[in-house]
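Each reported figure results from applying straightforward, stated rules to the coordinates on display, with no laboratory input. Everything numeric in this text was worked out from a predicted model, so none of it was measured. No Cβ is skipped: glycine too gets one built from the backbone with ideal geometry, and neighbour counts run over all protein chains shown.
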Amino acid sequence: MARNVTMNGAPVTILGAELKVGGKAPQFRLSANDLQETKLSDYLGRPIILSIVPSVDTPVCNIQTRRFNQEAANLPGVTFITISKDLPFAQKRWCAAAGVDKVITLSDYRNPEFGTDYGLLIKEMHLLTRAVFVLDKEGVIRYMEFVKEIGKEPDYKKVLDAAKLLV
């Protein structure tokens, strides 16, 4: 899938692997809000929506994470995870302030290879680009979207429809 991504209309360089639908999602090691390390394998056994955002403290990332938190109530058989480079302390503070309690937030501040393993690292800013992956219960990628303009939201309907097929 092409990763032609822009920020405010200007192209940015996305570094890392080019994953494909039907391929296995790479294992990751990320930090939870309590600073404990967590792995993709900890969540397998049910479908997963990985929502990747540059920072929960920005307007579109805020909207995206809140929206998935609302949608999680309608899809109790799916694990919703938001991943960013925000520190776990900032993610925990943001979740408490936003009332986000159904989405798991994870940080790659300690293990930044997540960005390159998933092909999400913005070279110019060293942040993650906006993307969504839907994984089946074995960790196979069943849907993915790299949002072309970082300042735009993903196609929630397509993401949710893909996840519903797996429940």
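Once backbone amide H atoms are built at 1.01 Å from N, Tyr109 has Ser31 as its partners under 5 Å, excluding neighbours fewer than 5 places away on the same chain.
In order along the stretch 42-54, phi translates into HN-Hα couplings of 5, 10, 5, x, 8, x, 10, 10, 9, 9, 9, 9, x Hz, rounded to whole numbers, per the Karplus curve 6.51 cos²θ - 1.76 cosθ + 1.60 with θ = phi - 60° and x for Gly and Pro.
Filter the chain for me: DSSP H helices, axial length by Cα at least 27 angstrom, mean Kyte-Doolittle hydropathy not below -0.5. List them by residue number.
Helices meeting the criterion: none.
For the stretch 104-139 versus the stretch 1-61, the inter-centroid distance based on Cα atoms is 3 Å. Across the stretch 29-35, coupling constants 3J(HN,Hα) worked out from phi with the 6.51/-1.76/1.60 Karplus curve, θ = phi - 60°, read 10, 10, 9, 7, 4, 8, 6 Hz, and Gly and Pro carry x.
With a cut-off of 12 Å between beta carbons, the residues surrounding Glu138 carry a summed charge of +3, where Lys and Arg count +1 and Asp and Glu -1.
Volume of the convex hull of the stretch 5-164 (Cα atoms only), normalised per residue: 96 Å³. Once backbone amide H atoms are built at 1.01 Å from N, Arg142 has Gly22, Val134, Leu135, Asp136 as its partners under 5 Å, excluding neighbours fewer than 5 places away on the same chain. Summing charges over all other residues whose Cβ lies under 12 Å from the Cβ of Glu37, with Lys and Arg as +1 and Asp and Glu as -1, gives 0. When you filter the trypsin sites (Lys or Arg not before Pro) in the stretch 1-33 for DSSP loop state and at most 12 other Cβ atoms inside 10 Å of their Cβ, you are left with Lys20.
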